[in-house]
Amino acid sequence: MIDHLGITASNYEKSKAFYLQALAPLGYTLLMEIPKELTGDQPVAGFGEAPKPDFWVAGAKAGNAPPVHVAFRAKSRAQVDAFYAAAMAAGATDNGPPGVRPHYHQNYYGAFVRDPDGHNVEAVCHDPA
C-alpha cells in the first residue's frame, strides 16, 4: 500500500496553484507547506484529505524529466468530470477527456490532463454509472 507520493515541479508556485485548483473537486486541499529553509533544498507542498497529506509537490533546481503519471481515485464519475474541468481551467493540457476506458475494465471512467510540467495527471472512478 502506498502511503504518499511526490513529484517535482520546475515552477513551484505555478504548480502549487495548479494542484490547489485541479484537486479541489476530489476533496484535496493544501495541508502542509515546508519552506526551503527547513528542507535544506526546495519548498514542498503537501496535498490530501485531512489530516495527512499523501501527494507532495517539490520545487526542482533543474528541469523535470521524465514526466510521471499520477492517478487520483474519485468517488464518482461526477468528480472525474469536475476534476477535468477544474484542471483545464487551471491551465492543464488535455490528455484524454472524461469517459469510459473499457480497455482497462468495464467501469473504468477516467480523465487525463498534463500539468504545467507535462506530468500525466488522472482522476478515475471504478464504479458503474
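The values are calculated or read from the model by the stated rules, or taken from the named source; none is laboratory data. Quick caveat: nothing in here was measured; it's all calculated off a predicted structure. All Cβ positions, glycine included, derive from the backbone under ideal geometry; neighbour counts span all protein chains shown. The area values use the complete protein model at the heavy-atom level, side chains included, leaving out ligands, DNA and RNA. Shrake-Rupley method; radii C 1.70, N 1.55, O 1.52, S 1.80 Å.
Note on the chain: Kirkwood hydrodynamic radius from all Cα pairs is 14.9 Å, rounded to one decimal. Which residue, chosen from Pro128, Ser76, Gly118, occupies the Cα position most advanced towards the positive end of the dipole of the chain, where the dipole is computed from +1 (Lys, Arg) and -1 (Asp, Glu) charges on Cβ about the Cα centre? Ranked along the dipole, the leading option is Pro128. Counting heavy atoms of the protein chains alone, Asp115 has an accessible area of about 10 Å² for a 1.4 Å probe. Annotation note: chymotrypsin sites (Phe, Trp or Tyr not before Pro) in region 91-129 located in DSSP loop regions with a Cβ neighbour count of at most 12 within 10 Å are Tyr104.
Taken along the Cα-to-beta-carbon direction at a fixed 7 Å, the label points for Lys36 and Asn107 span 4.6 nm.
Among DSSP bridges having both ends in the chain, what percentage is antiparallel? Round to the nearest 5. Please list the in-between numbers first.
On the way: 19 of 29 bridges.
Bridges in the chain that DSSP calls antiparallel: roughly 65 percent.
Taking all protein chains into account, the per residue accessible area for region 7-60 stands at 48 Å² (1.4 Å probe). Helix 77-89 and the long axis of the chain differ in direction by around 50°, with both axes built from C-alpha atoms.
Given +1 at the Cβ of Lys and Arg, -1 at the Cβ of Asp and Glu and no other charges, the dipole of region 3-129 around its Cα centre is 160 debye to the nearest 20. Between the helical axis of 12-23 and the longest alpha-carbon principal axis of the chain there is an angle of about 30 degrees.
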